[in-house]
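K.L.:
Take this structure, written in structure tokens, and hold onto it; I'll ask about it next.
The values are calculated or read from the model by the stated rules, or taken from the named source; none is laboratory data. Model, not experiment: these values are computed from the prediction. For neighbour counting, all protein chains shown are included, and Cβ atoms are generated from backbone atoms with ideal geometry for every residue, glycine included. Note: accessible area is taken over every heavy atom of the protein model, side chains too, but ligands, DNA and RNA are not part of it. Shrake-Rupley method; radii C 1.70, N 1.55, O 1.52, S 1.80 Å.
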Amino acid sequence: MRGSGPLGRAGLALLLMAAGAGARPRPAAPGNQPRSNVVLVACDSLDGRLTFFPGNQTVHLPSINFMKRHGTVFLNAYTNSPICCPSRAAMWSGLFTHLTESWNNFKGLDPDYVTWMDLMEKHGYRTQKFGKLDFTSGHHSVSNRVEAWTRDVDFLLRQEGRPMVKLTGHRKHVRVMEADWRNTVKAVNWIKEEAVNLTQPFILYLGLNLPHPYPSPYAGENFGSSTFLTSPYWLEKVNYEAIKIPKWSSLSEMHPVDYYSSYTKNCTGQFTKEEVRNIRAFYYAMCAETDAMLGEIISALRDTGLLGETIIIFTADHGELAMEHRQFYKMSMYEGSSHVPLLVMGPGVREQQQIPNVVSLVDIYPTMLEIARIPVPQNLSGYSLIPLLHEKAESEASPRGPRPSWVLSEFHGCNVNSSVYMLRTGKWKYIAYSDGSSVPSQLFDLIADPDELTNVAVTFPVIVDSLDKMLRSIVNYPKVSSSVQEYNKQQFTSWKQSLGHNYSSVIANLRWHQDWLKDPKKYENAIDKWL
């Protein structure tokens with residue numbers, strides 16, 4: 001694609017906007033002024049650390065940089081569950097995962113759940129959605145749900161292909177992720193053909209699959225979604241010299257849950273530094289393609305004169321480890337997996353602002369309602385971001401009181417053989433497992449140890465005790481863990497019974513088929529013992 005194509009126009013529009021936009025904060029609209037339009041672009045698997053220094057040195061992301069110059073970036077934004085459906089269920093409901101009971105990719109919200117978009121539509125907003133939603137129950141593969149249900153079974157089976165890279169196309173090949181580009185074009189056309197003519201405010205949602213890894217061939221050594229795919233066009237946006245090769249603990253020194261995750265993700269084998277560097281480079285290139293789609297949306301708003309009337313929010317459901325801690329994918333509380341991007345620009349949002357407060361995706365729900373001037377329910381887990389964006393005094397922030405100084409994330413799905421709970425507050429990240437005693441907890445000092453290589457839980461027992469009490473005051477996590485274990489057994493038993501005589505054949509040919517077929521009777525016996 002040449003510079004005169006959509007990407008070229010996006011770059012030109014960004015330059016025009018940069019030339020025409022000052023560094024002054026835009027005034028917030030008084031109550032009698034028209035309500036702002038809202039555009040939410042939510043991608044899949046983008047590491048939030050790429051949106052600020054030093055992570056932003058590894059890849060050129062001009063649209064994200066534009067939002068930073070003319071809006072606000074949150075430096076400590078987190079997913080409430082580092083996997084697709086549970087994370088999105090939290091974002092669309094405003095509730096923590098243990099409240100929605102979205103335990104895995106198969107179990108999300110009920111289809112009739114009232115989301116913030118439903119309320120905005122009820123209160124006069126025109127609503128439009130394109131692309132990936134993935135917050136209701138019943139989706140994803142059979143393998144994905146069975147792997148989550150059986151995580152407490154006493155066996156180790158690889159569930160993913162070994163992570164790999166694949167270069168496609170040529171130096172002018174821009175549209176690698178065709179489905180995402182089609183949805184982006186739909187959103188752009190909707191802005192130019194419909195939104196521009198509306199007399200009511202609108203909320204537009206665009207959900208992208210990128211930079212999530214691509215499905216790998218089902219047969220052979222590689223299976224699951226473990227292919228990092230891009231073209232030379234996007235790879236040229238990556239600064240190879242800035243790519244950091246992560247340090248790994250030896251397999252024998254890994255936390256037991258990390259070892260299970262690394263093994264089931266097929267990452268316990270040998271990897272050369274070149275392999276790791278390429279996986280990370282290709283992932284960053286996929287982030288650059290994602291950024292270009294965000295740019296198309298910004299350009300469309302600029303071209304139609306809607307940019308000054310529209311609040312734009314960019315975020316992701318979770319991050320991507322990209323071989324940090326000897327893992328790819330997410331399903332982890334380490335920063336690469338749990339730290340998400342969150343950028344906001346538009347009317348009333350301060351420009352060139354970096355906010356250090358910890359926030360999370362449940363905050364999207366009350367934020368949307370406050371933008372739309374809809375009363376915010378008091379039972380939400382999240383708090384509106386508007387006071388932070390407007391730099392309001394804490395006392396003005398919420399009738400519920402000040403925003404908490406912590407965020408909560410939890411995980412109950414596949415590739416992890418325990419329920420996991422993360423509390424982030426100040427410089428500390430505390431991670432508790434299962435019932436709080438059967439699996440060792442972790443404590444990381446993110447100032448002294450940003451790469452989370454040294455668990456200091458034994459060194460600071462008083463801090464651990466304090467943070468564990470705080471966590472238990474938020475969620476009775478041993479009880480939740482027990483409920484998830486019971487749910488997993490019930491769901492698996494129902495699924496097994498539904499298959500009848502076909503059970504042995506079906507379970508032997510899921511994504512773990514290569515390991516399973518080495519000793520199928522052993523693994524069936526392990527499941528019977530678990531049940």
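K.L.:
With a cut-off of 11 Å, note down the residues of the range 153-190 whose backbone N falls inside the zone around a label point 7 Å from the Cα of Val506 toward its beta carbon.
P.N.:
What the label zone holds, given the 11 Å backbone N cut-off, is no residue at all.
K.L.:
Between the range 289-365 and the range 170-213, what's the alpha-carbon centroid distance in Å?
P.N.:
Cα centres, the range 289-365 to the range 170-213: 16 Å.
K.L.:
Can you give me the % of accessible surface on the chain that is carbon or sulfur? Probe 1.4 Å, all protein chains present, nothing else counted.
P.N.:
Result for the chain: 52 percent of the exposed heavy-atom area is carbon or sulfur.
K.L.:
Please report, for the Cα atoms of the range 33-134, the Rg to one decimal and the Dmax as a whole number; what are they, in angstrom?
P.N.:
Rg then Dmax for the range 33-134, in Å: 15.9, 43.
K.L.:
Among Leu385, Val420, Ser93, which residue has its Cα furthest toward the positive end of the charge dipole of the chain, with +1 on Lys/Arg Cβ and -1 on Asp/Glu Cβ?
P.N.:
The listed residue farthest towards the positive side: Leu385.
K.L.:
May I pose another question? With each label point set 7 Å from Cα along the Cα-Cβ vector, what nm distance links Glu236 and Asp519?
P.N.:
Each label point is offset 7 Å from its Cα along the Cβ direction, giving 5.2 nm.
K.L.:
Moving to a separate point now. For a label point 7 angstrom out from the Cα of Gln378 toward its Cβ, which stretches of the range 404-424 have the backbone nitrogen within less than 18 Å?
P.N.:
It comes to 404, nothing else.
K.L.:
Moving to a separate point now. How do the peptides 124-136, 355-367 rank, highest first, by the average count of neighbouring beta carbon atoms within 10 Å per residue?
P.N.:
355-367, 124-136
K.L.:
Let me check against my output: what whole-number percent is the relative contact order of the chain, with C-alpha pairs under 8 Å and at least 6 apart?
P.N.:
Value for the chain: 25 percent.
K.L.:
How high is the FRET efficiency between Glu253 and Val114 when r is their beta carbon distance and R₀ equals 51 Å, given to the nearest 0.05?
P.N.:
So, using R0 = 51 Å, E works out to roughly 0.60.
K.L.:
What number comes out for accessible area per residue over the range 246-290 if the probe is 1.4 Å? Units Å², please.
P.N.:
40
K.L.:
For the range 420-428, in order, what is each residue's ³J(HN,Hα) by Karplus, 6.51 cos²θ - 1.76 cosθ + 1.60 with θ = phi - 60°, in whole Hz (x at glycine and Pro)?
P.N.:
3J(HN,Hα) across the range 420-428, in whole Hz: 10, 10, 10, 10, 10, 8, x, 8, 9.
K.L.:
Please give the charge dipole size of the range 259-325, origin at the Cα centre, charges +1 on K and R Cβ atoms and -1 on D and E Cβ atoms. Round to the nearest 20 debye.
P.N.:
So the dipole magnitude of the range 259-325 works out to roughly 300 debye.
K.L.:
Using a 1.4 angstrom probe on the protein heavy atoms only, line up Val39, Val114 by accessible area, largest first.
P.N.:
Sorted by accessible area, descending: Val114, Val39.
K.L.:
Same structure again: What size of dipole, in debye to the nearest 20, comes out for the range 453-517 about its Cα centre when the only charges are +1 on Lys and Arg C-beta atoms and -1 on Asp and Glu C-beta atoms?
P.N.:
160
K.L.:
Something else about it: What FRET efficiency, computed as 1/(1 + (r/R0)^6) with R0 = 41 Å and r the Cβ-Cβ distance, is obtained for Ser466 and Ile245, rounded to the nearest 0.05?
P.N.:
0.70
K.L.:
While we're looking at this one, here's another question. Among (1) 96, 70, 48; (2) 67, 55, 48; (3) 57, 56, 54, find the value of Cα extents along the principal axes in Å that was calculated from the structure presented, and write down its label.
P.N.:
Correct label is (2).
K.L.:
Between Asp451 and Val185, with labels modelled 7 Å along Cα→Cβ, what's the label distance in nm to one decimal, could you check?
P.N.:
Using points 7 Å along Cα→Cβ, the separation is 4.4 nm.
K.L.:
Moving on to the next point. Quick one: if you stick a label point 7 Å off each Cα along the C-beta vector at Lys496 and Lys427, how many nm between them?
P.N.:
Result for the modelled spin labels: 4.9 nm.
K.L.:
Sticking with this structure for a sec: Rank Phe53, Phe155 by accessible area, highest first, at a 1.4 Å probe radius?
P.N.:
Greatest to least solvent exposure: Phe53, Phe155.
K.L.:
How much length would be gained if the chain were fully extended between Val142 and Leu167, taking 0.36 nm per residue of separation minus their Cα-Cα distance, in nm to one decimal?
P.N.:
That works out to 6.1 nm of additional length.
K.L.:
What FRET efficiency do you get for Thr199 and Phe52 if R0 is 35 Å and r is their Cβ-Cβ distance, rounded to the nearest 0.05?
P.N.:
In this case the efficiency is close to 0.35.
K.L.:
What are the residues whose amide H is under 5 Å from the amide H of Lys129, where those residues sit 5 or more places off or on another chain and H is modelled from the backbone?
P.N.:
For Lys129, whose amide H was placed from the backbone, the distant partners under 5 Å are Tyr205.
K.L.:
List every residue whose amide H lies under 5 Å from the amide H of Cys43, counting only residues 5 or more places away in sequence or on a different chain, with H placed 1.01 Å from N in the peptide plane.
P.N.:
Amide H to amide H, under 5 Å and 5 or more residues apart or across chains, Cys43 pairs with Leu208, Thr315, Ala316, Asp317.
K.L.:
Heavy-atom accessible area of Ser137 with all protein chains present, probe 1.4 Å, nearest 10 Å²?
P.N.:
Here the residue's solvent-accessible area equals roughly 50 Å².
K.L.:
Give, rounded to the nearest 20 debye, the magnitude of the charge dipole that the chain has about its Cα centre when Lys and Arg contribute +1 at Cβ and Asp and Glu contribute -1 at Cβ.
P.N.:
The calculated dipole for the chain is roughly 840 debye.
K.L.:
Could I ask something else about it? Kindly flag which residue pairs out of Lys265/Lys330; Lys489/Lys529; Lys244/Lys429 have an alpha-carbon separation exceeding 20 Å in this structure.
P.N.:
Check vs 20 Å cut-off fails for Lys244/Lys429.
K.L.:
So, one more: What are the extents of the Cα atoms of the range 393-531 along their three principal axes, in Å, largest first?
P.N.:
Ordered largest first, the range 393-531 gives principal extents of 64, 37, 23 Å.
K.L.:
For the range 378-531, with every protein chain kept in place, what is the accessible area per residue (1.4 Å probe, Å²)?
P.N.:
48
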